[in-house]
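Notes for the one structure printed next.
The values are calculated or read from the model by the stated rules, or taken from the named source; none is laboratory data. Quick caveat, the model's predicted, so the values are computed rather than measured. For neighbour counting, all protein chains shown are included, and Cβ atoms are generated from backbone atoms with ideal geometry for every residue, glycine included. Side chains included, ligands, DNA and RNA excluded: accessible areas come from the protein's heavy atoms. Shrake-Rupley method; radii C 1.70, N 1.55, O 1.52, S 1.80 Å.
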Amino acid sequence: MNTPLILPDVALAPLLPIAITLLGAIAATLLGFFLPRRAITLISMVSLVLSGVSMVTLWNGGLTSFGGSLQADNVALSIGLIILLGSLMTLLVTYDSAARAKLAFPEFDAMLMYAVTGTLLIAFSGDLVTMLIGLEVMSLSGYVIATLQDSRRAEEAGMKYFLLGAVGSAILIYGIALVYGATGTLSYVGIRDATAGLQVQNVGLLVVGALLLLCGFGFKVALAPFHQWTPDVYGGAPTSVGLFLSTVVKVAAFAGMLRVFGGAMQNVPAWAGVLQVLIVATIVVGNLGALFQTNFKRLMAYSAVAHTGFLALALLGNPATGGPALTYYLLVYTLMTAGTLAVVSALQRTEAAFTLDDMRGLFYRHPAYAVALAVCLGSLAGLPPFAGFMGKYLAFQAAFQAGYVGLTIIAAMGSVAALIYYLRPAMLMFMPDRTPAREYPGERTPTTAAVVIGVVGVTVLGILPNLAYGLVANPAIWTVLAGR
Amino acid sequence: MESVPTSYYIALSGILFALGMIGVLTRRTAIMVFLSVELMLNAANLSLVAFARAWGDLVGQTAVFIVMTLAAAEVAIGLAIIVAIFRKRETTNVDDLASLKG
Amino acid sequence: MALYWLPLLPLIGFLLLIVGGRWFSGTSGGWLGSGFIGAAFVVALVRFFGLSDVPAHETLWTWLPNMALGTGGVSANLNVGFYLDQLSSVMTLVITGVGFLIHVYSISYMREDARFTRFFALLNFFVAMMLILVLADSYPLMFVGWEGVGMASYLLIGFWFAGHKDHNAADGVNNSNAARKAFIMNRIGDLGFMLGMFLIYKVFGTLVIPELAGQEGTLAVTSRPLIELICLFLLVGAVGKSGQLPLTTWLPDAMAGPTPVSALIHAATMVTAGVYLIARSNFFYDLAPGASMWVAWAGGLTALYGALSALNQTDIKKILAYSTVSQLGYMFLAVGLHSYTAAIFHLVTHAFFKALLFLAAGAVIHALHEEQDVRKMGGLAKSMPFTHIVSLIGVLAISGIPIFAGFFSKDGILASAFAQNIPLYLIGLFVAFLTAFYMGRWYFLVWRGEYRGDTKLHPHDGDAVLSAPLGILAALATVGGFLNVPSFLGGGHVLDNFLGRAIPVHEHEILASTEWLATLIAVAVALAGLGWAFYEHRRRALQVGPLGQFSFQALYLDRLYTAVVGNGSKVISRGLDTVDNGVDGAMNGIVSNVGAPGWLVTIWQSGFVRAYALSMLLGTALIVGYWALKAIGGGL
Amino acid sequence: MITFLVLSLLTLVGGIITISVRNAVHASLGLVGTLLMVAGLYATLNASFLAATQVIVYAGAVMVLFLFVIMLLDANRPVEDANPLPFIAPLAGVGGAILAGAFAILAFTYKDPRPLAESTAALANGAPGPVGETLLTRFLLPFEAVSILLLVAVVGSVALVQRPAVQADPQTQPGAARLEGEVA
């Protein structure tokens, strides 16, 4: 019994991006006792930037560590950078809006940073257990930040999020258990190798495991019928939290789906067919729900649901085309959603936020914000030349090329219907209105910075998509989704 | 001692999982909903252990440790949320939380 | 001058006017906007005269990833690039030229409007997008322009969304409804365009038009059904944009916009984009006889539909709108029969005379203080002599009376139909007859007879800014036909030969005597139509035209859509209606609108967390249960 | 086999008690029973260390926490208000039955990948030593990452229960932080 313990290859370099954000989170936790909140936010931003720098240095390194549990390949790095961008925009927004949202204490920043750590762990994961832990770190922090505001709305939102999230996690874990039973391994590579041939022994179990994983992930990314928490949580939680949940958390959950379904389970039958059904339901429900919203935050929540459908479309494609399409779309989605919600956060007086009526004549009161919002909405609606068009185009094309013609047509029709509810607020803003300004009047420069990032990003990436897409377009990146 | 086939354990865990699910839907206080979730998690653990025996591989058992820790963390956060809400509303009835809708 | 100046100049104008709207007082914004278009016209002229047999192809920057063919057939990145050959050159001239005239006209026409500068910003935006559309070297870039003009059209149709000076609020709602209808019908077409693009890329691996055209080898061996399918998808796109059957109903409604908009977008340029798309894709359509037949028949039937609907309209612009539908049908008929040059020729002359007619109608509407009902006009020839003369020229041109532009272009289309497809020829001939009649009716009701309207008004010709464009367009509508005089009339097919360097010209072997006969028949038919109108005018029976209600309701097509499409989705349309109203402030109406499927979503979203859990768990149970059933059945 | 049957029967009974008994304390005691029986099942599956952990950590610590909160919030009173969602119970029954049936069917399609006797031997009875070794080799990263999770749980629950005071920012307007719909 005295054989020495043979530790796996522990390399710290690929761990660095996660470690830096974790350090930032711990710093926020501890320094919170001594420093004012804004200083903590600044420290968090710095650690995000440092983490981003470390990711850039790892680019094309293809490092792995911990026996393949951790993969710092280009997929992880590109999605990690998107996550950092979304988090940075969130922090910029909270920098000045947190006080108004009654969230101005260091614990909020700390939880946010923990959540970022969890999301990165998902993106970098090389096996199901690591992914699961990342997902839980992200979800638990998410439950906390959704509830943290001292208001009935936020508490209701947090409670719903937590209860449903716990059920979603349980489904996911059960799926992991079944997949383990069918393949005898938990690492992506092992699962892929075990399912590569035709001689898988317990196909039924494998398929159901995959489907349960799909349901669990479906909850995290808000695919119908697992989407119902989204409007309540995004709408009930403070706007900056809604921003974080609808961008960073969704990106991370998609990263997990990409790893699991695009990489490990690429050859498993049936999940693609089910995902197809879920996508149709999601697009229909998201768009129909958004049509009837008068509260802008809820409208954005339904819009996020609809976009989940479009995003998931890219998952159906062959990873060589679907992967880059998904990554590009996630980046664009993050920029435009964060930009839109940053405008809301800058202008709202209360967290119950903005009704569409409040937007009437916005152009005459805040021309710059109105134009920025119009750009973001146009991009969300998929109008060229903004990047949202390109993202949808690439996703549709990936699905079309993989042979999902009918689905692509339905999705394209959904995007047509979506125009109605995106253009409605956009039009309202430019209508003359003589009522006095009722937007928040105070200082909000950092939030404006986030808006600028979103608008500039959406415009530049729409005209020059290769700035981002060119980095990930190489198909070789996407053949090693599961590792090796 | 003759060994019980893995199938039996899986079937048991499946039924336990379904029971948990029913509990989530029919229990009306947040704590009880959450207890039902614990039932579901235990079902998953049970099947993991059963599969670990089937493969003769300790990975399954070790994963159960992780899941247990995870469940414990979830309990801590979940109960904190429940307590926080109770302080303001004096109720843990989940049906009372229905002001956000539509 | 680099090609990018063409769209860039109007785009700069748009940005200046939209951002700095407050700096431009009076009509200065209008002059500025017109100046940018004029400059673009100069660029177009310079490039026109600089054209050689080798098309100009200028790439700007890398755009879409992996969507073009590089060397050796590997996929390369698609560039943003502009492509100028004879076809696009003619289009740029029409767009900037006619666009410039209409801009100038609008300076006078829109002078009273509170949002004068905004109007010119949007017009400039439209021209920029239209130029991108025709200059694009690839389908995706063309699609960008395609969407852009749709957007501009949407904004301009609904320009008076909130009620115009002497319009009431209900008109504002109608205007926004018309705008939305146009946009949504266009988007249905866009769907076809997108699917066409996907399919092209899937089959050929590139979306660059010159590269596709150059792939004769690949094109020839590609299976016919695929090419037919591509062509049909593109046809859906073209049909939506050009208001052809069955997506035609938005175009007449689009007349809710200001008259210059109708002239520029819904007569001269944007609606012809579908014709342009098919002409541009001639290398596909030449290989797809089936799809081409569809195009031709869609065109022929639309021509007939438009003409029949125009017979009994009472709105001065609606008559012209249905006439536009009908004339676009002619162009589709021609491109469907592979007579691309004839179609483009008609496109050009139609741009001249239809813009002229719309602008003249605008002058009348202006003079009569927003009166649009032809039954309340009449006898205006005396009080508005100049406008009367140019209108007469327009009517003669569209009716196909010799020496005027429409005669030559319509004759070309009829000749190619005669050579290839007799039923379509007969339809075309009949439509020519109807055209002459309804335009005659329009003319007599507005200009001749007794004035029947409000006697307190004293209509008179517009000022010089309003009249100058009319005069220029009238001159063009008169002599424009000589661009392309057919050989049997001693002409040299100038335009055909010019365009022939870019797009194929399919010669038809018709005896000169036969051609003479066909021409004479066409002229006779046109004269008969005008004569019939004159006869009815003398009988004072014109106010209610033939076919009565059937024609007035546009063959009940709108009703049919409401009934057929609507019955299935009445709820949806009711929902959309409510949303429409929402734009105009009736947000609360939504709350009362229970029953639409969108409300099912909101009812489903009951707020109870256990209900949400129920959907999750039932979803899971259904998915898992289904697969368990399959497992029992041995399906796995 | 008999051990299994008895244990599984008791497990299910405990589960049913958990989801059906009106009194919350009784229900959680039902869950404790289930957890103990599951621990027994672990033991029959050669997972001795796990069985012990289940008893100590899960049935012990976690459930005590639950009971404590139930007592604290006085949550063992049954809910008396009218059920606003009467349709849920039957639907839940249907869904649960489908799921249970599906899993049961699938379970009996399971074919062991290797002979049970052989694989049982490879488990080394799930003793602490081998389990710990797995944890520190193949599960090193998850093992480390779980610490983040626990940290989140600690910080998060403290922050939730003891809501930190909102720090005033220099620019914040006094009235602006008021939230709509707030009852003091």
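Out of C:S34, C:S52, I need the residue that is over 30 Å from C:V203 (Cβ atoms), in the same structural domain as C:A152 (by TED's automatic domain parsing), part of a helix (DSSP H, G or I) and among the hydroxyl-bearing types (S, T, Y). Which one?
C:S34
Go over the candidates C:G29, C:G50, C:G38, C:G20 one by one and state the one that is of a type in the set (G, A, S) and surrounded by 21 or more Cβ atoms within 10 Å (Cβ to Cβ).
C:G29
Can you name the number of the only condition in (1) of a type outside the set (A, V, I, L, M, F, W, C); (2) in a loop (DSSP other than H, G, I, E, B); (3) surrounded by 24 or more Cβ atoms within 10 Å (Cβ to Cβ) that A:G142 fails?
(2)
So C:E515 clears everything in (1) part of a loop (DSSP other than H, G, I, E, B); (2) at pLDDT 80 or above; (3) closer than 24 Å to C:T435 by Cβ; (4) of a type in the set (D, E, K, R) except one condition, right? Which one?
Checking C:E515 against (1) part of a loop (DSSP other than H, G, I, E, B); (2) at pLDDT 80 or above; (3) closer than 24 Å to C:T435 by Cβ; (4) of a type in the set (D, E, K, R), the one that fails is (1).
For the stretch C:196-211, state whether one or more residues are modelled with pLDDT under 80 and open to solvent by less than 10 Å² (accessible area, probe 1.4 Å).
Within the stretch C:196-211 (the criterion being modelled with pLDDT under 80 and open to solvent by less than 10 Å² (accessible area, probe 1.4 Å)), the answer is no, since none of the residues qualifies.
A quick yes/no check of all residues on (1) within 7 Å of chain D (Cβ to nearest Cβ); (2) modelled with pLDDT of 90 or more; (3) open to solvent by 10 Å² or more (accessible area, probe 1.4 Å); (4) within 18 Å of the chain's Cα centre (by Cα):
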residue	(1), (2), (3), (4)
B:G14	yes, yes, no, yes
B:M21	yes, yes, no, yes
B:R27	yes, no, yes, yes
B:M40	no, yes, no, yes
B:A43	no, yes, no, yes
B:S47	no, yes, no, yes
B:A63	no, yes, no, yes
B:V67	no, yes, no, yes
B:R87	no, no, yes, no
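All but one of (1) farther than 20 Å from C:A475 by Cβ; (2) at pLDDT 90 or above hold for C:A360; which doesn't?
That leaves (1) as the condition not met.
For the stretch A:384-404, name all the residues that are open to solvent by 40 Å² or more (accessible area, probe 1.4 Å) and touching a helix residue (DSSP H, G or I) at 6+ places or on another chain (Cβ under 8 Å).
Matches in the stretch A:384-404: A:P385, A:F386, A:Q401, A:A402, A:Y404.
Of a type outside the set (D, E), at pLDDT below 95 and touching a strand residue (DSSP E or B) at 6+ places or on another chain (Cβ under 9 Å): which single residue out of A:F105, A:F124 fits that description?
After ruling out the rest, the residue left standing is A:F124.
Looking only at the stretch C:266-280, decide whether some residue is open to solvent by less than 10 Å² (accessible area, probe 1.4 Å) and touching an Asp or Glu at 6+ places or on another chain (Cβ under 6 Å).
No, there is no match, as no residue in the stretch C:266-280 is open to solvent by less than 10 Å² (accessible area, probe 1.4 Å) and touching an Asp or Glu at 6+ places or on another chain (Cβ under 6 Å).
Just the residues that are at pLDDT below 85 and within 9 Å of chain B (Cβ to nearest Cβ), please, taken from the stretch D:79-103.
Across the stretch D:79-103, the qualifying residues are D:V79, D:D81, D:N83, D:P84, D:L85.
Select, from C:P260, C:P246, C:P252, the only residue that is out of contact with any strand residue (DSSP E or B) (no Cβ under 7 Å at 6 or more places or on another chain) and open to solvent by 20 Å² or more (accessible area, probe 1.4 Å).
When all the criteria are applied, what remains is C:P246.
Considering each residue of the stretch A:233-272, count those that are β-branched (V, I, T) and more than 17 Å from the chain's Cα centre (by Cα), and give that number.
Number of matching residues: 1.
Please verify whether A:G68 is over 23 Å from the mean Cα position of the chain (by Cα) and closer than 30 Å to A:I191 by Cα, treating the condition exactly as stated.
In short, yes.
Just to verify a result, which residue in the stretch D:117-132, among those that are facing another protein chain (nearest Cβ under 7 Å) and in contact (Cβ under 8 Å) with a residue 12 or more places away in the chain, is nearest to A:A11 (Cα to Cα)?
Filtering first and then ranking leaves D:V131.
Report, ordered by the first and then the second residue, all pairs with beta carbons closer than 9 Å, sequence separation of six or more or different chains, a first member in the stretch C:367-395 that is not assigned by TED's automatic domain parsing to the domain that holds C:A526, and a second member that is at pLDDT below 85.
Sorted first by the residue in the stretch C:367-395, then by its partner, the list stays empty.
Kindly check whether there is at least one residue in the stretch A:13-30 that is among the β-branched types (V, I, T) and part of a strand (DSSP E or B).
no
Of the residues B:I85, B:I31, B:I15, B:I66, only one is under 20 Å from A:L132 (Cα atoms) and not polar (S, T, N, Q); which?
Being under 20 Å from A:L132 (Cα atoms) and not polar (S, T, N, Q) holds for just one of B:I85, B:I31, B:I15, B:I66, which is B:I66.
If you take the residues of the stretch C:479-501 that are open to solvent by 30 Å² or more (accessible area, probe 1.4 Å) and at pLDDT 80 or above, which of them is nearest to C:M91 (Cα to Cα)?
C:F498
For a quick check of your reading of the model, give me the residue pairs whose first member lies in the stretch D:21-37 and is at the interface with chain B (Cβ under 10 Å from one of its Cβ atoms) and within 17 Å of D:L72 (Cβ to Cβ), whose second is open to solvent by 30 Å² or more (accessible area, probe 1.4 Å) and hydrophobic (A, V, I, L, M, F, W, C), with beta-carbon atoms closer than 7 Å and at least 6 apart or on different chains.
Pairs found: D:A27/D:I17; D:A27/D:V21; D:S28/D:L67.
Listed here are the residues, each with its yes/no results for (1) assigned to a loop (DSSP other than H, G, I, E, B); (2) buried (at least 22 other Cβ atoms within 10 Å of the Cβ); (3) out of contact with any strand residue (DSSP E or B) (no Cβ under 8 Å at 6 or more places or on another chain); (4) of a type in the set (K, R).
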| position | (1), (2), (3), (4) |
| --- | --- |
| A:L7 | yes, no, yes, no |
| A:F33 | yes, no, yes, no |
| A:I40 | no, yes, yes, no |
| A:V49 | no, no, yes, no |
| A:T57 | no, no, yes, no |
| A:N60 | yes, no, yes, no |
| A:L85 | no, yes, yes, no |
| A:A98 | no, yes, yes, no |
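Being under 23 Å from B:A72 (Cβ atoms) and free of Cβ contacts under 8 Å to residues at least 60 places away in the same chain: is that true of A:L172 here?
Taking the combined requirement at face value, the residue satisfies it.
With D:L135, D:L140, D:L106 as the choices, which residue is more than 7 Å from chain B (Cβ to nearest Cβ) and surrounded by fewer than 23 Cβ atoms within 10 Å (Cβ to Cβ)?
Answer to the check: D:L140.
List pairs: first in the stretch A:290-309 and in contact (Cβ under 8 Å) with a residue 12 or more places away in the chain, second part of a loop (DSSP other than H, G, I, E, B), Cβ under 6 Å, 6+ apart or cross-chain?
Filtered contacts from the stretch A:290-309: A:T294/C:M587; A:F296/A:F354; A:K297/A:A353; A:L299/A:Q293; A:V305/A:A222; A:V305/A:H227; A:T308/A:A222; A:T308/A:L223.
May I ask you to verify whether C:A361 is open to solvent by 10 Å² or more (accessible area, probe 1.4 Å) and on the phi < 0 side of the Ramachandran plot?
So C:A361 fails the test.
Please return the ranges of helices (runs of 4 or more DSSP H) entirely within the stretch A:146-231 where 1 or more residues are under 25 Å from the mean Cα position of the chain (by Cα), at the interface with chain B (Cβ under 8 Å from one of its Cβ atoms) and surrounded by 24 or more Cβ atoms within 10 Å (Cβ to Cβ).
Fully inside the stretch A:146-231 and qualifying: A:152-183.
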